[in-house]
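Here the structure is laid out as structure tokens; the discussion comes afterwards.
The values are calculated or read from the model by the stated rules, or taken from the named source; none is laboratory data. Small disclaimer: the values here were computed from a predicted structure and weren't measured. Here the Cβ positions follow ideal geometry from the backbone for every residue, glycine too, while neighbour counts run over all protein chains shown.
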Amino acid sequence: MATAAMVVVADSDSVICSLLSGWEFRSLPAEPLVLDMPALSTLERLTMEAYEDPKLRMPFPLPQTAMGQDPFQAFKKFYRVFPHFSRVEL
């Protein structure tokens, strides 16, 4: 699955440029946004969702993500787009 959004405006359009400059998911070709999700088990994901400070609840440290980011920060930033997989039997 892939999701993309693109806004192309002239550099002279200061209204739109100022609105987009504060957007946390803004990405420029020179500085692309890195979507680096940690590999979590179901229990780890549920713990991350349930507690204000999940580091205190984890009995072991989580490894850094594939691109070297802190897994807790990466999960917090991209929580809304974090994939959920479940088994469904019909």
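Quick notes
- Count of region 1-42 residues, restricted to those that are assigned to a helix (DSSP H, G or I), out of contact with any Asp or Glu (no Cβ under 9 Å at 6 or more places or on another chain) and over 18 Å from ALA74 (Cα atoms), is 7.
- Residues that are surrounded by fewer than 16 Cβ atoms within 10 Å (Cβ to Cβ) and either closer than 14 Å to SER41 by Cβ or polar (S, T, N, Q) (or both), drawn from region 62-76: PRO63, GLN64, GLN73
- Residue check for ARG45: within 26 Å of ALA5 (Cα to Cα) and either modelled with pLDDT of 80 or more or in a helix (DSSP H, G or I) (or both): no
- All positions within region 10-22 that are surrounded by 10 or more Cβ atoms within 10 Å (Cβ to Cβ) and not hydroxyl-bearing (Ser, Thr, Tyr): ASP13, ILE16, CYS17, LEU19, LEU20
- Scanning region 72-90 for residues that are at pLDDT 70 or above and either under 18 Å from LEU62 (Cα atoms) or touching a strand residue (DSSP E or B) at 6+ places or on another chain (Cβ under 7 Å) (or both) yields PHE72, GLN73, ALA74, PHE75, LYS76, LYS77, PHE78, TYR79.
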